[in-house]
Amino acid sequence: MAFPDLHSRVTLFDKNDRLITHLGEDQQAYKRKDWPNLEKSYYRPDKFSSPHGVCIDSRGNLYVAEWIIDGRITKLVRVKD
């Protein structure tokens, strides 16, 4: 299960609801006074600011929608071992 966490990360759980990991965590973004409407220059491709929705496709890829001033959708491609 993937959970969009407004603390600037996406959290993944296994089928037994155990924490697997946090993706794209930015511990400074949600603490800024202008959050979630941060300046576009603040955004980084490897960090989230304000993830608000997550979808998973049939291949296990994640699509993360962020609630920011101009919106952003990020596709995270599943890498198989």
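The values are calculated or read from the model by the stated rules, or taken from the named source; none is laboratory data. The model shown is predicted, which means the values in this text are computed figures rather than measured ones. Every residue, glycine among them, receives a Cβ derived from its backbone with ideal geometry; neighbour counts consider all protein chains shown. For the accessible areas, the whole protein counts, side chains as well, though only heavy atoms, and no ligand, DNA or RNA atoms are used. Shrake-Rupley method; radii C 1.70, N 1.55, O 1.52, S 1.80 Å.
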Which of the residues spanning region 45-56 are surrounded by 11 or more Cβ atoms within 10 Å (Cβ to Cβ) and assigned to a loop (DSSP other than H, G, I, E, B)?
K47, F48, S49, S50
Residues of region 1-18 being in contact with a strand residue (DSSP E or B) (Cβ under 6 Å, 6 or more places away or on another chain) and of a type in the set (D, E, K, R), in sequence order, are D5, R9, D14
Name the residues in region 19-64 that are among the hydroxyl-bearing types (S, T, Y) and in contact with a strand residue (DSSP E or B) (Cβ under 8 Å, 6 or more places away or on another chain), would you?
T21, Y43, S49, S50, Y63
For region 61-72, name all the residues that are modelled with pLDDT of 90 or more and over 15 Å from D5 (Cα atoms).
N61
Within region 27-38, restricting attention to residues that are assigned to a loop (DSSP other than H, G, I, E, B) and not aliphatic (A, V, I, L, M), which residue is farthest from Y63 (Cα to Cα)?
K33
Note down all Cβ pairs under 7 Å where the first residue falls in region 1-14 and is under 18 Å from P45 (Cβ atoms) and charged (D, E, K, R), the second is part of a loop (DSSP other than H, G, I, E, B) and open to solvent by less than 50 Å² (accessible area, probe 1.4 Å), and they're at least six residues apart or on different chains.
R9/G24; R9/F48
First in region 24-52 and free of Cβ contacts under 8 Å to residues at least 60 places away in the same chain, second anywhere and open to solvent by 70 Å² or more (accessible area, probe 1.4 Å) and acidic (D, E), Cβ under 8 Å, 6 or more apart:
G24/D46; K40/D70
Members of region 57-77 that are over 18 Å from L12 (Cα atoms), open to solvent by 20 Å² or more (accessible area, probe 1.4 Å) and either among the hydroxyl-bearing types (S, T, Y) or assigned to a loop (DSSP other than H, G, I, E, B) (or both):
W67, I69, D70, G71
Residue count for region 2-26, restricted to those that are open to solvent by 100 Å² or more (accessible area, probe 1.4 Å) and either polar (S, T, N, Q) or part of a loop (DSSP other than H, G, I, E, B) (or both):
3
By residue number, the members of region 3-61 that are touching a Ser or Thr at 6+ places or on another chain (Cβ under 9 Å) and of a type in the set (S, T, Y) are S8, T11, T21, Y30, Y42, Y43, S49, S50
